[in-house]
Amino acid sequence: MTEDELFDLLTAIEERVPLDEKPARFERQANDLQPGEHGRESLLIAAGEHWQMHQEYDEARRCFRLAMRDGGESASDPIANLLSLALDEGNTESAAEYDKALRGLARDDEISRTTCHLVAEAYEIHDQLRQALRWYNIPFTHGFPDGDPADGMLLSGRRRVRTALGLAPDQLDVMAEALRPTRE
């Protein structure tokens, strides 16, 4: 499956399938692919995210773990989804373990900006603003935004959290404001 075909499939399911049927549909599509085949991991993550939205946490965890074992590629690391799930369940011990694993990947420069955004947003939703700020900052530890599609979301979230924490604007906050779409 090409990247365009995957995008079209994910979009079609999101737009055309009733909400309660989406997790099972994503899983069926994933099961039509061989382990490691492009798109399978992304489809399993999408299924897990929808199970999580339905508060079907065991099903979500199953899908995220399948995605981890898949060995394919996706925009984000399924460990980030497991961290989000642990936060939803109030399992601080598991969340801390997943956070540690992800920080290890970040130190090795093996983490996507999309993953950083997912983790930061999960912490922000759970009002753990210092942790959220850490993850919004990680992609910019050694430099400034470089045009990655996730930069705008990261900078916007970072600015939002810094404002909530009462921190004065810095250079990245100014960049976030400049990247913000203008309303007409």
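Just the residues that are among the aliphatic types (A, V, I, L, M), open to solvent by 30 Å² or more (accessible area, probe 1.4 Å) and closer than 23 Å to residue 165 by Cα, please, taken from segment 82-128. Within segment 82-128, 96, 118, 125 qualify.
Within segment 129-150, being part of a helix (DSSP H, G or I) and surrounded by 10 or more Cβ atoms within 10 Å (Cβ to Cβ) holds for 129, 131, 132, 133, 134, 135, 136, 137, 138, 139, 140. Tell me whether segment 40-51 contains one or more residues that are crowded, with 16+ Cβ neighbours inside 10 Å, farther than 23 Å from residue 111 by Cβ and in contact (Cβ under 8 Å) with a residue 12 or more places away in the chain. Yes, that holds for at least one residue. Of the residues making up segment 27-68, those that are assigned to a helix (DSSP H, G or I) and either over 17 Å from the mean Cα position of the chain (by Cα) or basic (Lys, Arg) (or both) are 27, 28, 29, 30, 31, 40, 58, 59, 61, 62, 65. For segment 69-85, the set of residues classified as within 14 Å of the chain's Cα centre (by Cα) and part of a helix (DSSP H, G or I) consists of 78, 79, 80, 81, 82, 83, 84, 85, listed by residue number. Cβ-Cβ distances below 6 Å connect the following pairs, each with a first residue in segment 92-110 that is more than 15 Å from residue 137 (Cα to Cα), a second residue that is small (Gly, Ala, Ser), and a separation of six or more residues or different chains: 94/86; 95/86. Within segment 86-105, is there a residue that is more than 20 Å from residue 44 (Cβ to Cβ) and assigned to a loop (DSSP other than H, G, I, E, B)? Yes, because at least one residue in segment 86-105 is more than 20 Å from residue 44 (Cβ to Cβ) and assigned to a loop (DSSP other than H, G, I, E, B).
The requirement of being free of Cβ contacts under 8 Å to residues at least 12 places away in the same chain, within 25 Å of residue 35 (Cα to Cα) and of a type in the set (Asp, Glu) is fulfilled somewhere in segment 54-71, by at least one residue. Here residue 32 meets each of (1) in contact with a Cys (Cβ under 8 Å, 6 or more places away or on another chain); (2) open to solvent by 40 Å² or more (accessible area, probe 1.4 Å) with one exception, condition (1).
The values are calculated or read from the model by the stated rules, or taken from the named source; none is laboratory data. What you see is a predicted model; the values in this text were computed from it and never measured. With ideal geometry, Cβ positions are generated from the backbone for all residues, glycine too; neighbour counts draw on all protein chains shown. Areas reflect the complete protein model, heavy atoms only, side chains present, ligands, DNA and RNA absent. Shrake-Rupley method; radii C 1.70, N 1.55, O 1.52, S 1.80 Å.
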